[in-house]
Number of protein chains: 2
Amino acid sequence: MQSAETSLDALLKLDNQFCFALYALSRRVTALYRPLLQELGLTYPQYLVMLVLWEAQGQTSPDEFAGVPVKFVGERLHLDTGTLTPLLKRLEASGLVLRARAQQDEREVRLRLSVAGLQLKEKARVVPLQLICNSGIPPDRLLQLQRELQALLEMTLPDEKATKG
Amino acid sequence: MQSAETSLDALLKLDNQFCFALYALSRRVTALYRPLLQELGLTYPQYLVMLVLWEAQGQTSPDEFAGVPVKFVGERLHLDTGTLTPLLKRLEASGLVLRARAQQDEREVRLRLSVAGLQLKEKARVVPLQLICNSGIPPDRLLQLQRELQALLEMTLPDEKATKG
DNA sequence: GGAAATTATATTGTGCACAACCTAAATGCC
DNA sequence: GGCATTTAGGTTGTGCACAATATAATTTCC
């Protein structure tokens, strides 16, 4: 009878909800990382932060490297300071990261890797390949899915700064 | 020179990590849900639980409905009791869900919807379509992505019960 | 130069996730 | 019946996420 209601009901069914699939797979993949990262003493979000720092520090000569602002990490990972500040304090406490206010702008906290933090990159190098193997997902499917996810992510980003009209 | 190290380094780069794309998009989509669910007084995980209960309760005549075991919800959403117990207590506190031990098996806690919980389904019916509209993602892409995500989810599930060898 | 606005980070509080452990009820097996 | 095992949930503790608010350093604008 009520075909309109029925189709709305169908949308409500859990099986039809792509959002649930996204949520469940995301948690599942994080769970696949967990044993690998445990050997590095990292959680998954901490690993993401380390990726940002490794990538940034690798691009400059070590001596003149001024450090990465917290803001930069936040923009890269789409995380705010409520998440990052305690996470970074834990990374500092475990001796991987150094936090210090910038001299030119005392509002900024700049992040640098300790020697241990830099060395950890060597151990981390095998993680991505390990994960791909453990997941059992064909690499070409991973690559295609990644492209699609990234496109959708950019498509749904909030207007960062609605500049002056 | 070291082409092997270079390709491992490339895998380490954040941009190449499909896992980050998955993680970031999952949080982004949850954020798209947030304002819609706020009007229902639900968080996203609470909404998922309600979906399971609406779906289960709808399949039986109300009087003889014995309720849904916590275990069932956990299996459906891949969540354990450490997550579900406090969440369900919050749903109970907000008057949407009733929790009661089963008589035949006192270990089981069975979940039933209150009248308010059932009524909330009417308000929730518009959520999926609203979300699709708000996201701006073409529905066919959503559908295709959902199928792929679900396939990968099943592919990477841990062996539930490695039955006797 | 000084008040107002902006910016970068920190803090607090709520609600997941998940590991590790605990308890009590049911089941199996003798 | 009675003990070992399994099963269903609960509890505790840690670590994200994120909203709301706070604070101090800069910048803007007059």
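The values are calculated or read from the model by the stated rules, or taken from the named source; none is laboratory data. Since the structure is predicted, the reported quantities are computational estimates derived from the model, not experimental observations. Note that we place each Cβ from the backbone using ideal geometry, even for glycine, and neighbour counts take in every protein chain shown. Ligands, DNA and RNA are stripped out before the accessible areas are found, and what is left, the full protein with its side chains, is counted by its heavy atoms. Shrake-Rupley method; radii C 1.70, N 1.55, O 1.52, S 1.80 Å.
Just how many pairs of Lys in the protein assembly as shown have C-alpha atoms closer than 27 Å, counting pairs that are eight or more places apart or on different chains?
24
Leaving ligands, DNA and RNA out of it, report the carbon-plus-sulfur percent of the accessible area of the protein assembly as shown at a 1.4 Å probe.
Result for the protein assembly as shown: 54 percent of the exposed heavy-atom area is carbon or sulfur.
If you take the charge dipole of the stretch B:19-156 about its Cα centre, with +1 on Lys and Arg Cβ and -1 on Asp and Glu Cβ, which of B:69, B:156, B:46 is farthest toward its positive end?
Of the options given, the answer is B:46.
Using a 1.4 angstrom probe with every protein chain in place, what is the largest-first accessible-area order of A:32, A:88, B:98?
B:98, A:32, A:88
GNM, chain B, Cα, under 10 Å: largest mean-square fluctuation among B:138, B:35, B:69?
B:138
Whenever you get a sec, line up B:80, B:105 from highest to lowest accessible area (probe 1.4 Å, protein heavy atoms).
Per-residue accessible area, sorted high to low, gives B:80, B:105.
For the stretch B:38-97 and the stretch A:81-115, write down the distance between their C-alpha centroids in whole Å.
Cα centres, the stretch B:38-97 to the stretch A:81-115: 40 Å.
Only four residue types carry charge here, +1 at the Cβ of Lys and Arg and -1 at the Cβ of Asp and Glu. Report the dipole size of the protein assembly as shown about the Cα centre in Debye, rounded to the nearest 20.
620
Would you mind listing the distances between the residue A:40 label point and the same position in each other copy? Use 7 Å along Cα-to-C-beta, nm, one decimal, shortest first.
Spacings between copies for this position, smallest first, are 3.7 nm.
Fully extended, how many nm does the chain gain between residue A:7 and residue A:122 (0.36 nm per residue separation, minus their Cα-Cα distance)?
Additional length available on full extension: 36.1 nm.
What shape does the stretch A:1-130 have by the C-alpha gyration tensor, where a ≥ b ≥ c are the square roots of the eigenvalues, rounded means a/c under 1.5, and otherwise prolate means a/b greater than b/c and oblate the rest?
Verdict is prolate for the stretch A:1-130.
Rounded to two decimal places and with Rh computed the Kirkwood way over Cα pairs, what is Rg over Rh for the stretch B:90-153?
A ratio of 1.19.
Cα gyration tensor of the protein assembly as shown, axes a ≥ b ≥ c as square roots of the eigenvalues: rounded (a/c below 1.5), prolate (a/b > b/c) or oblate?
prolate
Over chain A, with a Gaussian network built from C-alpha contacts below 10 Å, which listed residue (A:25, A:152, A:120) shows the highest mean-square fluctuation?
Residue with maximal mean-square fluctuation among A:25, A:152, A:120: A:152.
Could you quickly flag the chain A residue whose beta carbon comes closest to the rotation axis taking A to B, and that distance in whole angstrom?
Residue plus distance in Å, as requested: A:26, 2.
Residue A:13 label points, 7 Å along Cα→Cβ, one per copy: pairwise distances from this copy to the rest in nm, shortest first?
Label point to label point, same position, other copies: 4.3 nm.
Just to confirm a number: summing +1 for Lys and Arg and -1 for Asp and Glu over residues other than residue B:70 whose beta-carbon lies under 15 angstrom from that of residue B:70, what do you get?
+3
Per residue, how much accessible area does chain A have with a 1.4 Å probe, in Å²?
56
Taking the label point as lying 7 angstrom from Cα along the Cα-to-Cβ axis, what are the distances from residue A:103 to the corresponding position in the remaining copies, in ascending order and in nanometres?
7.9
Magnitude of the Cβ-charge dipole of the stretch B:68-126, K/R +1 and D/E -1, about the Cα centre, nearest 20 debye?
200
How high is the relative contact order of chain A, given as a whole-number percent (alpha carbon pairs under 8 Å, six or more residues apart)?
Once divided by the residue count of chain A, the mean separation gives 18 percent.
When you look at the Cβ of every residue in B:50-57, what mean number of other chain Cβ atoms sits within 10 Å?
What the average comes to for B:50-57 is 2.
In Å² (nearest 100), what accessible area is buried between B and A, both sides summed, heavy protein atoms only, 1.4 Å probe?
Buried area between the two chains comes out at roughly 6100 Å².
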